[in-house]
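Here you go, one structure.
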Amino acid sequence: MSAPFEERSGVVPCATPWGQWYQTLEEVFIEVQVPPGTRAQDIQCGLQSRHVALAVGGREILKGKLFDSTIADEGTWTLEDRKMVRIVLTKTKRDAANCWTSLLESGYAADPWVQDQMQRKLTLERFQKENPGFDFSGAEISGNYTKGGPDFSNLEK
């Protein structure tokens, strides 16, 4: 079984009835499909550190308490091609150990396979960040990668 990994962008998406969400070490992305021709004034979006709400044309699409905290004043939303709303949230805790298992506390959880792939991706992203001269694009992770993989920070240099 192949992972739902998008090679070009390195994204491991979690499908939802309204679109998808995915994450990096630092951000959570929410992509919501809206009716073609939607205008910005048709969208009501509320972003707080632990809550998100999105309505299009008066119809509630997404609302609830986020899985973890975000930096409220760094959250943004855009309408792309008048058919998709992209919400970008900045995580408060920005490390590989903070892999969200769901978008909201009460929903849109990643299935175990997708969750595993998300954790692997965040661990690779962490290694890339710690070792900027190395190319990890073709790397495979096995073993202890949960909670961000092994901690090498206390090793002597």
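Whether any residue in the range 14-23 is among the hydroxyl-bearing types (Ser, Thr, Tyr) and in contact with a helix residue (DSSP H, G or I) (Cβ under 7 Å, 6 or more places away or on another chain) is what I want to check.
No: zero hits.
So how many residues does the range 24-37 have that are out of contact with any strand residue (DSSP E or B) (no Cβ under 6 Å at 6 or more places or on another chain) and at pLDDT 95 or above?
Adding up the residues that qualify gives 3.
Further question on the same structure: Just need a number here: residues in the range 89-105 that are within 11 Å of residue 24 (Cα to Cα), assigned to a strand (DSSP E or B) and either open to solvent by 10 Å² or more (accessible area, probe 1.4 Å) or of a type in the set (A, V, I, L, M, F, W, C) (or both).
2
While we're on this one: Any residue in the range 120-132 that is buried (at least 19 other Cβ atoms within 10 Å of the Cβ), closer than 17 Å to residue 15 by Cβ and modelled with pLDDT of 90 or more?
No, there is no match, as no residue in the range 120-132 is buried (at least 19 other Cβ atoms within 10 Å of the Cβ), closer than 17 Å to residue 15 by Cβ and modelled with pLDDT of 90 or more.
Take the conditions open to solvent by 70 Å² or more (accessible area, probe 1.4 Å) and closer than 24 Å to residue 43 by Cβ and apply them to residue 111. Does it pass?
No; evaluated as a whole, the condition is false for this residue.
Additional query: For the range 37-84, which residues satisfy the criterion of being in a strand (DSSP E or B), more than 21 Å from residue 100 (Cα to Cα) and open to solvent by less than 30 Å² (accessible area, probe 1.4 Å)?
43, 55, 56, 84
The values are calculated or read from the model by the stated rules, or taken from the named source; none is laboratory data. This one's a predicted model, so the numbers in the text were calculated from it and none came from an experiment. Cβ atoms come from the backbone with ideal geometry, glycine included; neighbour counts cover every protein chain shown. Remember, those area values only see protein heavy atoms, side chains included, never the ligands or the DNA or RNA. Shrake-Rupley method; radii C 1.70, N 1.55, O 1.52, S 1.80 Å.
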